[in-house]
Amino acid sequence: MEKMHRQGDLLFVQIAGTKLEGIETTDVTDGVLARGESTGHAHRIAPEDLRAGKAKAYVMDDMMEMEEPRRLVIEAYEQVRVLHEEHKPIVLERGTYEVRRQREATPTEIRYVAD
């Protein structure tokens with residue numbers, strides 16, 4: 001069973017690392033996973049965890065040209081914290097996680113949740 005964590009409009013889904021073998025990626029060196037549309041606040045890997053080499057985040061290169069959805073992945077080599085100014089921190093255990101933006105349905109459309 002997949003492990004999942006939620007922080008605001010982001011869902012973190014643990015995936016098997018083998019799905020990523022041989023796929024080219026671009027590193028997200030600042031650890032920012034997503035910025036809020038209205039506040040500018042950011043979901044980010046805790047800077048001290050990033051500096052300590054506990055995790056890395058990257059975007060799948062085949063998705064770089066798309067605004068949404070872009071496939072964002074975190075590799076946690078040990079426990080890592082994800083922070084946001086308006087949400088409680090979450091702790092990701094060792095593993096590989098796909099980061100997904102939540103969507104909501106209205107009678108006329110399906111859209112990404114604004115944070």
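Given (1) at pLDDT below 85; (2) charged (D, E, K, R); (3) farther than 16 Å from TYR97 by Cα, identify the lone condition not met by GLU48.
Going through (1) at pLDDT below 85; (2) charged (D, E, K, R); (3) farther than 16 Å from TYR97 by Cα one by one, GLU48 breaks only (1).
Can you tell me which residues in the range 52-88 are of a type outside the set (A, V, I, L, M), assigned to a strand (DSSP E or B) and either at pLDDT 95 or above or at positive phi (or both)?
ARG81
In this structure, is ILE23 modelled with pLDDT of 90 or more, surrounded by 12 or more Cβ atoms within 10 Å (Cβ to Cβ) and either in contact with a strand residue (DSSP E or B) (Cβ under 9 Å, 6 or more places away or on another chain) or more than 21 Å from GLN7 (Cβ to Cβ) (or both)?
no
Looking only at residues that are of a type in the set (D, E, K, R) and in contact with a Ser or Thr (Cβ under 9 Å, 6 or more places away or on another chain) in the range 41-62, which one is surrounded by the most Cβ atoms within 10 Å (Cβ to Cβ)?
Within the range 41-62, the match that is surrounded by the most Cβ atoms within 10 Å (Cβ to Cβ) is LYS56.
The values are calculated or read from the model by the stated rules, or taken from the named source; none is laboratory data. Everything numeric here is computed off the predicted structure, so don't read it as measured data. Please note: Cβ atoms are built from the backbone with ideal geometry, for glycine as well, and neighbour counts cover all protein chains shown.
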